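Input: a single structure, listed below in structure tokens.
The values are calculated or read from the model by the stated rules, or taken from the named source; none is laboratory data. All values derive from a computational prediction rather than experimental measurement. Positions of Cβ are backbone-derived with ideal geometry, glycine not excepted, and every protein chain shown enters the neighbour counts. These accessible areas exclude ligands, DNA and RNA; they are computed on the full protein's heavy atoms, side chains included. Shrake-Rupley method; radii C 1.70, N 1.55, O 1.52, S 1.80 Å.
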Amino acid sequence: MDFRLTDDQKALRAGVRELLARHFDRAALRAAVEAGGVLDRKLWRELGAAGFFALRLPEEAGGVGLGLPEAVLVFEEAGRVLLPGPLIATHLAAGEVPGAAEGEVVVTAPGGPFVEWLAEADVVVGDVRDAEPMVSVDPLTPLHRIPDGDWGPMEAALLTAAEQLGSASRTTEMAVQHARERAQFGQPIGAFQAVKHLCAQMLVRTEVARAAVYAAAVSGDPVETGGAKLLADEAAVRCARDCLQVYGGMGFTWEADVHLHLKRAWVRAERWLPAVLAEEMEAAALLDPSTGTA
């Protein structure tokens, strides 16, 4: 099976990257951090107008008419720039909740014991009774805790994996760029073997996750989606940590963006099929693909 991107898919990815560069650059990212959990409604409507949420709706329903593989590419780009907001819940609600496709309505939904952006949402899909606000490690993802929350559809897990993949790709690029520019002992730190190996491991981890995420997007198989989520979570968290290592002490400062990738990766890893459930799914499939028993 050929998983190489088509020309149309490459154009879609480039267009989304250009769109986000215009509307959510680093200055906008920092402004969102300072806003402290206030969603930019103007940006949300711009995303809606660009077809971000209506990507998979049929054209006769006002959508773009694309499929899950294309949605994965779009959410990968969102993950690269740490685009905030309940993107996945609103995307999945397009066509079901009036105004979601156009970005006029913000939709959120539980992803396990957590629900994000509850205070900013216009519509909540699912039971969030007894939701209690909690301190989120990620300043760009306000959270509420709910008892016995539903883990949501596998599509949500795959799109989350795509976001994790985008973040892993971006932190790998950041590490390589810093290794080229930062000099110690009269030469770039990227010339040192330890830093070379760290960056190489980041690249391998990211590309393995990319293959799994793209394959799951094509097959739509729940077990492959579980494996993709596991690999993408690991790539996002470990690449962010390794990027911090390459940056050294300055990577831990508030002014650097590396810590934002790590914190978002931690949050995503606990939502929409966390590792413990994905591992159980993979183990059951290995034991017996039909029944999950030995």
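Before moving on, here are some points about what is shown:
- Scanning region 217-267 for residues that are more than 26 Å from LEU158 (Cβ to Cβ), open to solvent by 30 Å² or more (accessible area, probe 1.4 Å) and small (Gly, Ala, Ser) returns a single hit, GLY249.
- You will find that of ALA179, ALA209, the residue that is of a type outside the set (Val, Ile, Thr), under 23 Å from LEU92 (Cβ atoms) and in contact (Cβ under 8 Å) with a residue 40 or more places away in the chain is ALA209 and no other.
- Of the set (1) open to solvent by 20 Å² or more (accessible area, probe 1.4 Å); (2) in a helix (DSSP H, G or I), all apply to ALA162 but (1).
- Taking the criterion of being open to solvent by 20 Å² or more (accessible area, probe 1.4 Å) and either touching a helix residue (DSSP H, G or I) at 6+ places or on another chain (Cβ under 9 Å) or hydrophobic (A, V, I, L, M, F, W, C) (or both), the residues of region 174-183 that qualify are VAL176, HIS178, ARG180, GLU181, ARG182, ALA183.
- A residue that is touching a Lys or Arg at 6+ places or on another chain (Cβ under 9 Å), open to solvent by 50 Å² or more (accessible area, probe 1.4 Å) and not β-branched (Val, Ile, Thr) cannot be found anywhere in region 68-91.
- Restricting attention to region 125-143, the residues being among the aliphatic types (A, V, I, L, M), closer than 22 Å to ALA32 by Cβ and free of Cβ contacts under 8 Å to residues at least 24 places away in the same chain number 2.
- Selection of helices (runs of 4 or more DSSP H) fully inside region 4-79 by the criterion of at least 1 residues being at pLDDT 95 or above and of a type in the set (Val, Ile, Thr) returns 7-23.
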